[in-house]
Amino acid sequence: MNGIPRKSMSPLAKTVIGATVVLALGGAIWMNFHFDSSKGSAGKANKSGGNYEPPAPFRFNPIANYYTERFRPQYHLSVESGNMSDPNGMVYYEGEYHQFYQNSGQWGHAVSQDLVHWEHLPVALMRDELGEIWSGSAVVDWNDTSGFFQGKSGLVAIFTHFQGGVQSQSIAYSSDRGRTWTKYEGNPVIPNPGLKDFRDPKVIWHEASKRWVMVVSVDNHVRFYSSPDLRNWTETGEFGINQGSHAAVWECPDLFEIPVDGSGNRKWVLTLSMGNNEETKGSTAQYFIGEFDGKTFHNDNPADTVLWTDFGKDFYAAVSYSDIPEKDGRRIWLGWMSNWRYPFTMPTDPWKGNMSIPRELTLRDIPGEGIRLIQQPVKELDLLRGTALKLEAQKLAANSNAFGKWHGTSYELDTTFIVSADAAFALKLRTDGTGAEETSIRYDAVAGTLTVDRSKSGAVSFEPGFAESFAAPVKPSADGRLPLRIYVDEDTLEVFAENGAKVLSAIMFPEATSKGLSLELERGSVKLDEASFYPMRSVWRDENPDSSVPSRILIGRESVDVAVGAHATVKSSVLPLAAPQQLEWASSDVSVAKVTLAADGSGVDISGIGAGQADLIAKTPGGKVTAMIDVFVFEP
């Protein structure tokens, strides 16, 4: 580079231009100038989902660029900084969903009134003299069986203490809605019985026996314990040896009873995650359907039947919320969107990891298969929908893109296809328009598979196998109908097929300016019967995705290196994407670099003129929103 001096650029570099502030974050630049509250504040009309109004106590963060880092999900829960992994202590109490989570050996904490808008709270359970605080659960002790609450109700957390390779089960309690916690002086309540793997307690109240029940992971199976008071526990049984998949250690169990749709019957569900292994190419999860008698679980299916929870790579340690009121009646869970192949190596900063969208769980008796677990996005997500874009029913044609006019980086896409027996088609998301970057969802009726391919999804080099594809067995209905419900966020993809019977969840890391969609016929006959596209609101900032008022400029790269006489192209977008996309560009030193608008209007072409450094400044017409990138020109 011939020793060209470079500006010092921290992960969060700031440059003042007039009255505006540029924030360079990761590999893209986000610029916020102002937000037009008359067009985007809470309570204003949402043409698709009615009035948008977060719960009254909720307040958006006043920092204009809060949660706008590169790859930062906009409607998925992620930690402000540090690591987020297993969901822990999920419980509903006094109007709040509590989302505890693993945060490097302690319990992080967030609360929500609607499963959508979250408030971060201080760390709830810190490591202590007994060790780190690993995964576990929380319950409401309504009748003060523990004696911790002077006859009132309160929260009890049950978790694994880990120290010196030894895992044991302990408890803590809170009398102030989970804001502060007291560790039980008699911990551990279940000392380690001489096992290497003995962790992740899930506790429920078993009404039939009038006792608390704990299910805990024990290497390749689970054990059950019973207690009258959450302090004193007795082992009652075990399940899992020679049952289901044993590709890796079993972790993070959950146990609950839910009805079978339309039958009047109820079944118990035991869910488990499994650690990283070669057989499944990473960590994964499975579940069992059966009966529970208060002491042990009985599988309804043959022992070798394996029921996978999710066919993607990034849905782990999912557990459900305890104590959701009976008048609601739903069983809701979420999972950690990562994999123990690459738990904290993803190219995000200053955070690692996020949760999936919350999902409602039901059971359905599927002809030819049996009773299966069904996952559907919770209805609360509909609140975030912007104005729907819809397409008329149409037959797909070769070399035609029915989704060519749609674009977005954070949205919900609901579609129904009617496919012939020999059909194949591909729906590509987060495309850059050149074919170099895209995430593909491909359906092949002959193979009966729905495949997600993220091999060209953007940043993939951080883990050797991340550029991969994975598939679920998916069948259309008898009349050929194939509904797909798809949720896309800045770094996530969740695909719901067969009305929630098959799900594929994955993380991906495309450039911020890769916002295209395409729908391509490969063979056979495919009719797009219906399609609705909903841009989604951020749950962190009060911004309306339908607004025509520019709020930020996205530039696909933080800086550009180009040789003298050479050219480089940089893409850009204006947010919200509903705003006019026109930008004006200028170079601070035309003797170093010149800039011209790209022919397609999606960015700029940069020409290296002479060795040195120049600033390229982009602004909306009128200059109210501005952004900047550095260009370094060198002698080849």
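The values are calculated or read from the model by the stated rules, or taken from the named source; none is laboratory data. Here the structure is a predicted model, which means the values were calculated and not measured. Cβ atoms come from the backbone with ideal geometry, glycine included; neighbour counts cover every protein chain shown.
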Apart from one, (1) closer than 24 Å to A436 by Cβ; (2) in a strand (DSSP E or B) all hold for P535; the odd one out is (1)
_Test for D414: is it part of a strand (DSSP E or B) and either over 28 Å from the mean Cα position of the chain (by Cα) or touching a residue at least 24 places away in the same chain (Cβ under 8 Å) (or both)_ = yes
How many residues of region 462-510 are on the phi > 0 side of the Ramachandran plot and within 17 Å of the chain's Cα centre (by Cα)? The answer is 1
Within region 326-358, of all residues that are in contact (Cβ under 8 Å) with a residue 60 or more places away in the chain and of a type in the set (K, R), the one nearest to E251 (Cα to Cα) is R341
If you go through D323, D314, D261, D300, the only one that is within 30 Å of N187 (Cα to Cα) and touching a residue at least 12 places away in the same chain (Cβ under 8 Å) is D323
(Q) Being under 19 Å from P253 (Cα atoms), of a type outside the set (S, T, Y) and not assigned by TED's automatic domain parsing to the domain that holds L413: is that true of G370 here? (A) no
Residues in region 325-335: is at least one in a strand (DSSP E or B) and either in the same structural domain as D529 (by TED's automatic domain parsing) or touching a His at 6+ places or on another chain (Cβ under 8 Å) (or both)? no
Residue count, region 501-532, condition farther than 23 Å from V474 by Cβ and part of a loop (DSSP other than H, G, I, E, B), comes to 7
Quick count over region 447-463, residues being surrounded by fewer than 17 Cβ atoms within 10 Å (Cβ to Cβ), free of Cβ contacts under 8 Å to residues at least 60 places away in the same chain and out of contact with any Lys or Arg (no Cβ under 9 Å at 6 or more places or on another chain), is 3
Taking region 193-213 and keeping residues of a type outside the set (A, V, I, L, M, F, W, C) and farther than 24 Å from Y101 by Cβ leaves P193, G194, K196, H206, E207, S209, K210, R211
When G164 is run through (1) surrounded by fewer than 17 Cβ atoms within 10 Å (Cβ to Cβ); (2) in contact with a Pro (Cβ under 6 Å, 6 or more places away or on another chain), the failure sits at (2)
In the set D365, D382, the lone residue that is surrounded by fewer than 19 Cβ atoms within 10 Å (Cβ to Cβ) and assigned to a strand (DSSP E or B) is D365
For region 129-144, pairs from a residue that is β-branched (V, I, T) to a residue that is surrounded by 18 or more Cβ atoms within 10 Å (Cβ to Cβ) and in a strand (DSSP E or B), with Cβ under 6 Å and 6 or more apart or across chains, are I133/W107; I133/L125; I133/F159; V139/V156; V139/V203; V139/S322; V140/Y93
Selection from region 109-124 of residues surrounded by fewer than 24 Cβ atoms within 10 Å (Cβ to Cβ), part of a strand (DSSP E or B) and out of contact with any Ser or Thr (no Cβ under 6 Å at 6 or more places or on another chain) yields H109, A110, V111, S112, E119, H120, L121, P122, V123
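Answer yes or no as to whether V495 is assigned to a strand (DSSP E or B) and at pLDDT 95 or above.
yes
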Only one of A618, A598, A614 is surrounded by 19 or more Cβ atoms within 10 Å (Cβ to Cβ), farther than 21 Å from R70 by Cβ and touching a residue at least 24 places away in the same chain (Cβ under 8 Å), namely A614
Looking at G386, is it of a type outside the set (A, V, I, L, M, F, W, C), closer than 30 Å to I241 by Cβ and more than 14 Å from the chain's Cα centre (by Cα)? no
Residue in region 116-126 that is in contact with a helix residue (DSSP H, G or I) (Cβ under 6 Å, 6 or more places away or on another chain) and at negative phi present: yes
Scanning region 86-105 for residues that are more than 21 Å from the chain's Cα centre (by Cα) and crowded, with 17+ Cβ neighbours inside 10 Å gives Y93
I'd like to know if region 553-560 contains one or more residues that are at pLDDT 95 or above and of a type in the set (D, E, K, R). no
Among (1) in contact with a strand residue (DSSP E or B) (Cβ under 7 Å, 6 or more places away or on another chain); (2) on the phi < 0 side of the Ramachandran plot, G612 falls short only on (2)
Scanning region 191-224 for residues that are of a type in the set (K, R) and part of a loop (DSSP other than H, G, I, E, B), the one surrounded by the fewest Cβ atoms within 10 Å (Cβ to Cβ) turns out to be K210
Considering region 481-519, residues that are of a type in the set (D, E, K, R) and surrounded by fewer than 20 Cβ atoms within 10 Å (Cβ to Cβ), and then whichever is farthest from Y75 (Cα to Cα), we arrive at R481
